[in-house]
1. Output the qualifying pairs, or none if there are none: Cβ atoms under 7 angstrom, residues six or more apart or on different chains, first residue in segment 83-105 and without any contact (Cβ under 8 Å) to a residue 60 or more places away in the chain, second residue assigned to a helix (DSSP H, G or I) and of a type in the set (A, V, I, L, M, F, W, C).
2. Being of a type in the set (Asp, Glu) and modelled with pLDDT under 85 is the filter here; which residues of segment 100-128 pass it?
3. With respect to Val67, determine if the residue is loosely packed, with under 10 Cβ neighbours inside 10 Å and in contact (Cβ under 8 Å) with a residue 40 or more places away in the chain.
4. Within segment 90-142, which residues are closer than 18 Å to Pro66 by Cα and surrounded by 15 or more Cβ atoms within 10 Å (Cβ to Cβ)?
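The values are calculated or read from the model by the stated rules, or taken from the named source; none is laboratory data. Given the structure is predicted, the values throughout are model-derived calculations rather than measurements. For neighbour counting, all protein chains shown are included, and Cβ atoms are generated from backbone atoms with ideal geometry for every residue, glycine included.
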Amino acid sequence: MESLHQQLIAPTAPPAVHWWPPAPGWWIVAGLLVILALLLPWLQRLARQRRERRRHIRLDTFADIPVELPANQWLTEINIRLKQQLKQRGDEPATRLHGEAWLDYLCSQHPSAERAVLQPLAADLYRPDVSLSDAQRQALLKALRPRTRHDHV
């Protein structure tokens, strides 16, 4: 029996596992990282363009309203745009406000709103004999522009 035991080969440690070549899973991970590194600048540029496009739309909310409209129609167009933005934001109850309640809402939503400048949206909106000077129109748009930037979704 001892002779059989002496005939056995002693176990040895397996050879060391080398780091190269990596397993197939590591090749896949490396390939995905390279693709991601190549696509990342393009995706960032695309996201920046979308943000700029949304910002441009947001800033031009009132730009396509003709200046030569009579004051009551011009005010109605402004009011429609504001309420469309509120509807997009999901603020349905505010779209039903009018008069002083509408003006109170507009002033409460933006801290720097000038009540006197926004007054035509409450008092003059439904009067047929409204007249607004160009300066009043510009002041109203200037007061509303920060509001539309603040509200837009």
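1. Ala94/Leu86; Thr95/Leu86; Trp102/Leu121; Leu103/Leu118; Leu103/Leu121; Tyr105/Ala94
2. Scanning segment 100-128 gives Glu114, Asp124.
3. The answer is yes for Val67.
4. Pro120, Leu121, Leu125, Val130, Leu132, Gln136, Arg137, Ala139, Leu140, Leu141
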